[in-house]
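Reading through the structure tokens given below for one structure.
Laboratory data are not the source of any read-out in this text; all were calculated from the coordinates shown. Predicted model, so just to flag it, every value in this text is computed and none were measured. Cβ placement follows ideal geometry from the backbone for every residue including glycine, while neighbour counts extend to all protein chains displayed.
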Amino acid sequence: MSVQPDSECPKCRGRMQVGYLLERGHGDRRAAAAWIEGEPEPSFWQGLKTTGRDVFETRTYRCAKCGFLESYARVGIGD
Ligand SMILES: [Zn+2]
């Protein structure tokens, strides 16, 4: 899935490569980090509560030259 074509680094004009920030969930399951609307709210059972919040899957672009990271949260994944 591509949410943004290859673009140019705003800092050094190097090439931006698509990737994602790894998040470890239940049973060390790997996932792409999600963007959650609002302030983090502690939940006794789940660490942080995300119920009723807007949740987006994210893609993070990395500059191959200087390492600058730029994230996009565009794909709603619900709760
Ligand atoms: Zn750069």
Ordered by number, the chymotrypsin sites (Phe, Trp or Tyr not before Pro) in region 44-79 that occupy a DSSP loop and have at most 12 other Cβ atoms within 10 Å are Phe44, Trp45
Between Leu21 and residues 5 or more places away or on another chain, the pairs with built amide H atoms under 5 Å apart involve Ala33, Thr60
Between beta-carbons, use under 14 Å as the cut-off and find the net charge around Ser71, counting Lys and Arg +1, Asp and Glu -1.
0
By per-residue mean of other Cβ atoms within 10 Å, what is the highest-first order of 11-17, 46-52, 22-28?
11-17, 46-52, 22-28
Report the extension gain between Thr51 and Glu37 in nm, rounded to one decimal, defined as 0.36 nm multiplied by the number of residues separating them, less their alpha carbon distance.
4.0 nm
In the chain, if the dipole is taken from +1 on Lys/Arg beta carbons and -1 on Asp/Glu beta carbons about the Cα centre, which of Gly47, Ala73, Cys63 is farthest to the positive end?
Cys63
About its Cα centre, what dipole magnitude does the chain give when the only charges are +1 on Lys and Arg Cβ and -1 on Asp and Glu Cβ, stated in debye to the nearest 20?
440 debye
